[in-house]
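Written below as structure tokens is the structure these notes are about.
The values are calculated or read from the model by the stated rules, or taken from the named source; none is laboratory data. No experiment lies behind these values; they were computed from the predicted model shown. Because the Cβ atoms are built from the backbone with ideal geometry, glycine has one as well, and the counts that use them run over all protein chains shown.
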Amino acid sequence: MDRTLTTRIIRSAFGYVVFATLFLPAGGWAQKESVRTWSQFRGPNGSGVYETTNLPKEVGPDINVIWKKVIPSGYSSPVMNDKYLFITGIEDDKLLTICLNRLSGETIWQREAPRPRKQPIDNRNNSASPSPVIDEKNVYVFFPDFGLLAYDFQGQELWKLPLGPFTNVYGMGASPMVAGDKVVLACDQTYGSFIIAADKLTGRVVWKTDRPEAISGHSTPILYQPKVGELQVIVPGSFLLSAYSASKGELIWWIRGLACEMKSTPVIYNDMLFIHGFGMPQNDYGNQKVIPAFEEALTKFDANKDGLIDKTELPKEDPYNLVDNLDLKEGGKLDQVEWNYFRATLASVNAMIGIRLGGSGDMTDSGTVWRFYRHVPQLPSPLVYKNRLYMINDIGFITIFNPSDGKVITEGRLIGGGSQFYSSPVAADGKIYFISRNGKVSVLSADGTIDIQAISDLKQECYATPAIAEGRIYIRTEGTLYCFGEK
């Protein structure tokens, strides 16, 4: 994206509240997947939905365990095909890619990635947070302390692509994904954000597109195949939802109005896309503050007339006391780019958004179908299952929508299911699984109610999102990978 276009888009967020919308492919996923594969973060196209039967309602350290495996620390989620399961982890400062037998849990191989640096990271993140992605022959992994690597299913290294170092205060979180013959990775950070596509066979960079509007972010992209036109990569980012050509990386369309920092992955259902974003409590609907433009702010606050706004020159009251979190260069003074980001952040609104897919250019007005402002999550991604849209926020409050118009079917707290949620929900076999940070597993029936069928306790912290395959659900806790199924 060129700098001129970016400036116009960001400035448009200052004058009025704007809202993001996503798009979906009418009639299917953007890329066909084998019926027997959960190939990426949250499964087929990041949906969290899989078709199988006989999944267990109750799970636990000794309940419906097919196998369990002690594994290294890591927050990445498992991916798999009919034979192999892949996971990443960190042990004794070593970055590991691990291949297990999916049916037995036996370790087939593990490989260590180079680690030229140890970047600072938030204690809620991990150096092995991004999930692997697989295709028919290979597995691709991303470690923020190195970059991208590719192995075949026998553990032979095919290529590696160093990337970084990165400037994300929380650490990187987006997972790679496969788009045709390319591996695509979104790298949103404090400055220097970009999205990159590498050839699957060689690791050669095919295209790289700058995302200067994106200031931090952790969302994994998804794919969208329009009825007419080429495959697209959809990426949530700061204030914008953007769609790129999968073949060339060119920006095709965008929607304004997302939160300042995105963490959730969008989902597509019929001809619509759904995404939610939460920046901070000050972004709740109705809390927006009017911040003067940079030129006006210089006149008002720049006491030493150096053309910058020193944080010591600002009032100590809300909302200017938030500037510390938005000093991108950490120099104590804000230039025009940083001040504009400050303004856009305070103007953004926490919301769940329903978006009509398709089109080109700025689709904000024509693409946005509905918005919802209450109980918006920061971390867990949305889920559409059995023609209902599910949203669980970080403290366990569930809202169920009619996807087409955003009308609330029911809402309420997940009683007894935990109070913090990092994992995203998944669904199959008429069941929806929610896992709290403290390891409580709640199973809901997919009937549009919040009637809990069962609550189990894994007795370990859980950050990863489960994976589902062939009557089995795979859950990663702090130190164990479980395969659960009805015996």
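With the condition kept exactly as written, say whether any residue in the range 327-337 is part of a loop (DSSP other than H, G, I, E, B), in contact (Cβ under 8 Å) with a residue 60 or more places away in the chain and out of contact with any Ser or Thr (no Cβ under 6 Å at 6 or more places or on another chain). Steps first, answer last, please.
Start the filter on the range 327-337 by keeping residues that are part of a loop (DSSP other than H, G, I, E, B), which leaves 327-332, 335.
Then keep just the ones that are in contact (Cβ under 8 Å) with a residue 60 or more places away in the chain; that gives 328-329.
Narrowing the set further to residues that are out of contact with any Ser or Thr (no Cβ under 6 Å at 6 or more places or on another chain) leaves 329.
The answer is yes; a qualifying residue exists.
Of the candidates Asp394, Asp429, the single residue that is under 18 Å from the mean Cα position of the chain (by Cα) and charged (D, E, K, R) is Asp394.
Residue pairs whose Cβ atoms lie under 8 Å apart, separated by 6 or more positions or on different chains, with the first residue in the range 256-273 and not assigned by TED's automatic domain parsing to the domain that holds Ile355 and assigned to a loop (DSSP other than H, G, I, E, B) and the second among the aromatic types (Phe, Trp, Tyr) and buried (at least 24 other Cβ atoms within 10 Å of the Cβ), do not occur.
Restrict the check to the range 398-409 and report whether at least one residue is touching a strand residue (DSSP E or B) at 6+ places or on another chain (Cβ under 7 Å), of a type in the set (Asp, Glu), assigned by TED's automatic domain parsing to the domain that holds Phe239 and in a strand (DSSP E or B). Scanning the range 398-409, I find no residue that is touching a strand residue (DSSP E or B) at 6+ places or on another chain (Cβ under 7 Å), of a type in the set (Asp, Glu), assigned by TED's automatic domain parsing to the domain that holds Phe239 and in a strand (DSSP E or B), so the answer is no.
When only residues in the range 396-418 that are touching a Ser or Thr at 6+ places or on another chain (Cβ under 7 Å) and exposed (fewer than 15 other Cβ atoms within 10 Å of the Cβ) count, which is nearest to Asp457 (Cα to Cα)?
Step one: of the range 396-418, the residues touching a Ser or Thr at 6+ places or on another chain (Cβ under 7 Å) are 396, 400, 408, 410-411, 414, 417-418.
After this cut, where a residue has to be exposed (fewer than 15 other Cβ atoms within 10 Å of the Cβ) as well, the list is 408, 410-411.
Details: Val408: 30, Thr410: 26, Glu411: 24 Å.
That would be Glu411.
Quick test for you: out of Val376, Val441, pick the one residue that is among the hydrophobic types (A, V, I, L, M, F, W, C), assigned to a strand (DSSP E or B) and either out of contact with any Asp or Glu (no Cβ under 6 Å at 6 or more places or on another chain) or closer than 23 Å to Thr220 by Cα (or both).
Working: Val376 fails: assigned to a strand (DSSP E or B).
Step by step, each of Val376, Val441 is checked, and only Val441 is among the hydrophobic types (A, V, I, L, M, F, W, C), assigned to a strand (DSSP E or B) and either out of contact with any Asp or Glu (no Cβ under 6 Å at 6 or more places or on another chain) or closer than 23 Å to Thr220 by Cα (or both).
As for the range 250-259, it holds no residue that is surrounded by fewer than 21 Cβ atoms within 10 Å (Cβ to Cβ) and at pLDDT below 95. Annotation note: of Thr52, Thr88, the sole residue that is polar (S, T, N, Q), in the same structural domain as Tyr140 (by TED's automatic domain parsing) and in a loop (DSSP other than H, G, I, E, B) is Thr52.
How many of the residues in the range 97-112 are surrounded by fewer than 21 Cβ atoms within 10 Å (Cβ to Cβ) and either free of Cβ contacts under 8 Å to residues at least 60 places away in the same chain or charged (D, E, K, R) (or both)? Break it down stepwise before answering.
Residues of the range 97-112 that are surrounded by fewer than 21 Cβ atoms within 10 Å (Cβ to Cβ), as a first pass: 101, 103-112.
With either free of Cβ contacts under 8 Å to residues at least 60 places away in the same chain or charged (D, E, K, R) (or both) added as a condition, the list becomes 101, 103-104, 106-112.
Qualifying residue count, the range 97-112: 10.
For the structure I just gave you, tell me whether Ala297 is assigned to a loop (DSSP other than H, G, I, E, B), closer than 24 Å to Thr345 by Cα and in contact with a strand residue (DSSP E or B) (Cβ under 8 Å, 6 or more places away or on another chain).
On the way: assigned to a loop (DSSP other than H, G, I, E, B): no; closer than 24 Å to Thr345 by Cα: yes; in contact with a strand residue (DSSP E or B) (Cβ under 8 Å, 6 or more places away or on another chain): yes.
No, not satisfied.
Going residue by residue through the range 428-438, is there one that turns out to be outside any strand (DSSP E or B), among the hydroxyl-bearing types (Ser, Thr, Tyr) and crowded, with 21+ Cβ neighbours inside 10 Å? Checked against the condition, which is being outside any strand (DSSP E or B), among the hydroxyl-bearing types (Ser, Thr, Tyr) and crowded, with 21+ Cβ neighbours inside 10 Å, the range 428-438 yields at least one hit.
Condition check: of a type outside the set (Val, Ile, Thr) and at pLDDT 95 or above. Does Ser419 satisfy that? In short, no. Answer yes if at least one residue in the range 151-163 is in the same structural domain as Ala197 (by TED's automatic domain parsing), basic (Lys, Arg), part of a loop (DSSP other than H, G, I, E, B) and over 22 Å from Ser219 (Cβ atoms), and no otherwise. No, that holds for no residue.
If I filter the range 179-205 down to residues being over 18 Å from Pro144 (Cα atoms) and either in contact (Cβ under 8 Å) with a residue 40 or more places away in the chain or within 17 Å of the chain's Cα centre (by Cα) (or both), which single residue comes out as surrounded by the most Cβ atoms within 10 Å (Cβ to Cβ)? Even if it seems obvious, please write down each step before you answer.
At the first step, the residues of the range 179-205 found to be over 18 Å from Pro144 (Cα atoms) are 179-182, 199-202, 204.
Still in the running and either in contact (Cβ under 8 Å) with a residue 40 or more places away in the chain or within 17 Å of the chain's Cα centre (by Cα) (or both): 179-180, 182, 200-202.
Values: Ala179: 21, Gly180: 15, Lys182: 23, Lys200: 21, Leu201: 13, Thr202: 12.
Here the answer is Lys182.
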